[in-house]
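The values are calculated or read from the model by the stated rules, or taken from the named source; none is laboratory data. Quantities reported herein were computed from a predicted structural model and do not represent experimental measurements. Ideal geometry is used to build each Cβ from the backbone, glycine not excepted, and the neighbour counts take in all protein chains shown. Remember, those area values only see protein heavy atoms, side chains included, never the ligands or the DNA or RNA. Shrake-Rupley method; radii C 1.70, N 1.55, O 1.52, S 1.80 Å.
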Amino acid sequence: MSATIHLSPYQLGPAARELRKEVRGFLDSEREAGTFTPRCDAWMSAPDPAFSRRLGARGWIGMTLPTAYGGHGRSALDRFVVTEELLAAGAPVAAHWIADRQMAPSLLRHGTEAQRHRYLPAIARGECYFAIGMSEPDAGSDLASVRTRARKVPDGWEVSGTKVWTTGAHYAHAMVVLVRTDGSPDDRRSGLSQFVVDLPAPGIEIRPILTIDGEHHFNEVVFDSVVVPEDSLLGERGAGWGQVTAELAHERSGPERLMSTVPLLRAWAEQLPYGPGDAVADRALGRLTARAWTLRQLSLSVAAALAEGRSTEIAAALVKDLGSRFEGDVVETVRQLTDAEPRRGADGLEGLLAEAVLHSPAFTLRGGTNEILRSVVARGLGVR
Ligand SMILES: Cc1cc2nc3c(=O)[nH]c(=O)nc-3n(C[C@H](O)[C@H](O)[C@H](O)COP(=O)(O)OP(=O)(O)OC[C@H]3O[C@@H](n4cnc5c(N)ncnc54)[C@H](O)[C@@H]3O)c2cc1C
């Protein structure tokens, strides 16, 4: 593995500025029409299929997919622009987020022609949503120890086991499940495979897990001897570990890993007086803005590297570690410096603050905990 992180600073050009203007115009008109109010962490917790379909109609989902699969053949950097505008606005994008971010690239890379044609055009239209079936009750950080098993049977594969913390499984149309097809848990990384399983399905029980605010975002998904067709295997049998690792670079490096609380930061900044005001608040805002900008450059450079097919596992882990800590620091700073009281369901700063406080414990856990990410970075840099 490389002992350095190769990233070039990336500048977006005039075409990106035009696109940004277009997205902002769309978001302004949606807000004016009252279709959404900004939310913190909306990419995870605010699904709105109608909104996703409107984005799909504008060509802002599946942007980098080839046109042959219903995509738009645009660059990863165009996608980056759209993504960060949606996040900054706190728009309700959770329904399609996982499908667009990581399952579409994974299906494009590893899927059969039949799988690509079945899922990719619907993803790009904002009509097909995916869940990620990696974590299990005894396999979170130590993902290689998954116990869910798929056994070859005459008409396909029989899947048994339990997945947990499965975001959006209750509205997803399909789920990519990491399972053991060969060997034993002692074999660790070899013998793992991925399957695309349509939801809902007989034999698959999706049980809600409520978060601290009483909302339903994730689930426990139990597979009880579910037979899935032969052609649900994604990629190669036994190559699941490598496929999942590549997927995680998409999962960890995007602007959502640093922008979940930007709607809160904006709402707070808008309340601060222009000109000389509260020097402590001004300094804190300046520091947070500078950090946001630096992290954004890092995330942008990873997007560019991913688009060029370069390995970005270490840099992606870095984005998620630094970015998710930033998201939490925004919440703490605003909480300390504002007189607003967090109030669930309220408009503006009070509502955003309540939401951010309740969601922030998850920031450093989801997508791999920060302790694990630091191990990835340290190992990648050759630290023993
Ligand atoms: C909001 C949210 C959404 C999620 N969505 C999904 C989803 O859609 N699909 C999915 O598959 N999973 C999902 N997850 C699960 C997430 O990926 C796991 O929670 C995460 O990987 C940690 O696993 P765990 O919860 O089993 O914790 P554990 O692995 O039990 O870790 C507990 C603690 O021990 C620490 N620890 C563990 N091992 C080490 C080590 N080797 N060195 C140092 N410290 C260590 C961890 O850092 C952590 O602090 C989601 C989680 C959250 C919070």
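So which residues in segment 115-139 are within 16 Å of the chain's Cα centre (by Cα) and near the ligand (Cβ under 10 Å from one of its atoms)?
PHE130, ALA131, ILE132, GLY133, MET134, SER135
What is the number of the single condition among (1) open to solvent by 20 Å² or more (accessible area, probe 1.4 Å); (2) touching a residue at least 60 places away in the same chain (Cβ under 8 Å) that ASP278 does not meet?
It fails just one condition, (2).
Given the conditions (1) over 30 Å from ARG374 (Cα atoms); (2) away from the ligand (no atom under 12 Å from the Cβ); (3) open to solvent by 40 Å² or more (accessible area, probe 1.4 Å), which single one is not true for VAL226?
Tallying (1) over 30 Å from ARG374 (Cα atoms); (2) away from the ligand (no atom under 12 Å from the Cβ); (3) open to solvent by 40 Å² or more (accessible area, probe 1.4 Å), VAL226 fails exactly one: (3).
Which of the following residues is outside any helix (DSSP H, G or I) and of a type outside the set (Lys, Arg): GLY286, GLY367?
GLY367
Could you please find all residues in segment 105-114 being in a helix (DSSP H, G or I) and more than 16 Å from the ligand (Cβ to nearest atom)?
Those that are in a helix (DSSP H, G or I) and more than 16 Å from the ligand (Cβ to nearest atom): PRO105, LEU107, LEU108, ARG109, HIS110, GLU113, ALA114.
If a residue must be open to solvent by less than 10 Å² (accessible area, probe 1.4 Å) and out of contact with any helix residue (DSSP H, G or I) (no Cβ under 9 Å at 6 or more places or on another chain), how many such residues does segment 229-271 contain?
Adding up the residues that qualify gives 1.
Counting only residues that are within 12 Å of the ligand (Cβ to nearest atom) and in a loop (DSSP other than H, G, I, E, B), how many does segment 159-174 have?
Final tally of qualifying residues: 8.
ASP142 is checked against (1) within 15 Å of the ligand (Cβ to nearest atom); (2) at pLDDT 95 or above and fails just one. What number does that condition carry?
(2)
So, in segment 175-188, exactly how many residues are away from the ligand (no atom under 16 Å from the Cβ) and either open to solvent by 20 Å² or more (accessible area, probe 1.4 Å) or under 30 Å from ALA94 (Cα atoms) (or both)?
Residues in segment 175-188 being away from the ligand (no atom under 16 Å from the Cβ) and either open to solvent by 20 Å² or more (accessible area, probe 1.4 Å) or under 30 Å from ALA94 (Cα atoms) (or both): 5 in total.
Take segment 361-374 and flag every residue that is more than 6 Å from the ligand (Cβ to nearest atom) and open to solvent by 30 Å² or more (accessible area, probe 1.4 Å).
Across segment 361-374, the qualifying residues are PRO361, THR364, ARG374.
Considering segment 12-60 alone, what residues qualify as being among the aromatic types (Phe, Trp, Tyr) and either assigned by TED's automatic domain parsing to the domain that holds GLY214 or over 18 Å from the mean Cα position of the chain (by Cα) (or both)?
Once the filter is applied, which keeps residues that are among the aromatic types (Phe, Trp, Tyr) and either assigned by TED's automatic domain parsing to the domain that holds GLY214 or over 18 Å from the mean Cα position of the chain (by Cα) (or both), segment 12-60 yields PHE26, PHE36.
Given the conditions (1) out of contact with any Phe, Trp or Tyr (no Cβ under 8 Å at 6 or more places or on another chain); (2) in a helix (DSSP H, G or I); (3) of a type in the set (Lys, Arg), and given that ARG291 satisfies all but one, which numbered condition is not satisfied?
(1)
Looking at segment 79-98, can you tell me whether even one residue there is surrounded by fewer than 17 Cβ atoms within 10 Å (Cβ to Cβ) and either free of Cβ contacts under 8 Å to residues at least 40 places away in the same chain or on the phi < 0 side of the Ramachandran plot (or both)?
no
Here is a check on your reading of the model: is ASP321 under 30 Å from THR245 (Cβ atoms) and either within 11 Å of the ligand (Cβ to nearest atom) or surrounded by 19 or more Cβ atoms within 10 Å (Cβ to Cβ) (or both)?
For ASP321, the condition - under 30 Å from THR245 (Cβ atoms) and either within 11 Å of the ligand (Cβ to nearest atom) or surrounded by 19 or more Cβ atoms within 10 Å (Cβ to Cβ) (or both) - is met.
Can you tell me which residue within segment 326-360, out of those that are among the small types (Gly, Ala, Ser) and more than 22 Å from ARG296 (Cβ to Cβ), is most open to solvent (accessible area, probe 1.4 Å)?
Top of the filtered list is GLY345.
For segment 329-344, does any single residue satisfy the condition of being touching a helix residue (DSSP H, G or I) at 6+ places or on another chain (Cβ under 8 Å), more than 23 Å from ALA42 (Cβ to Cβ) and touching a residue at least 12 places away in the same chain (Cβ under 8 Å)?
Within segment 329-344, one or more residues are touching a helix residue (DSSP H, G or I) at 6+ places or on another chain (Cβ under 8 Å), more than 23 Å from ALA42 (Cβ to Cβ) and touching a residue at least 12 places away in the same chain (Cβ under 8 Å).
Is there any pair linking a residue in segment 131-153 that is without any contact (Cβ under 8 Å) to a residue 40 or more places away in the chain and open to solvent by less than 30 Å² (accessible area, probe 1.4 Å) to one that is more than 8 Å from the ligand (Cβ to nearest atom) and of a type outside the set (Asp, Glu), with Cβ under 8 Å and at least six apart or on different chains, and which?
GLU136/VAL146; GLU136/ARG147; GLU136/THR148; GLU136/GLY161; GLU136/THR162; ALA139/SER145; ALA139/VAL146; ALA139/ARG147
Go through GLY203, GLY156, GLY191 for me and flag whichever is more than 24 Å from MET44 (Cβ to Cβ), in contact with a strand residue (DSSP E or B) (Cβ under 9 Å, 6 or more places away or on another chain), more than 9 Å from the ligand (Cβ to nearest atom) and open to solvent by 20 Å² or more (accessible area, probe 1.4 Å).
From the options GLY203, GLY156, GLY191, the qualifying one is GLY203.
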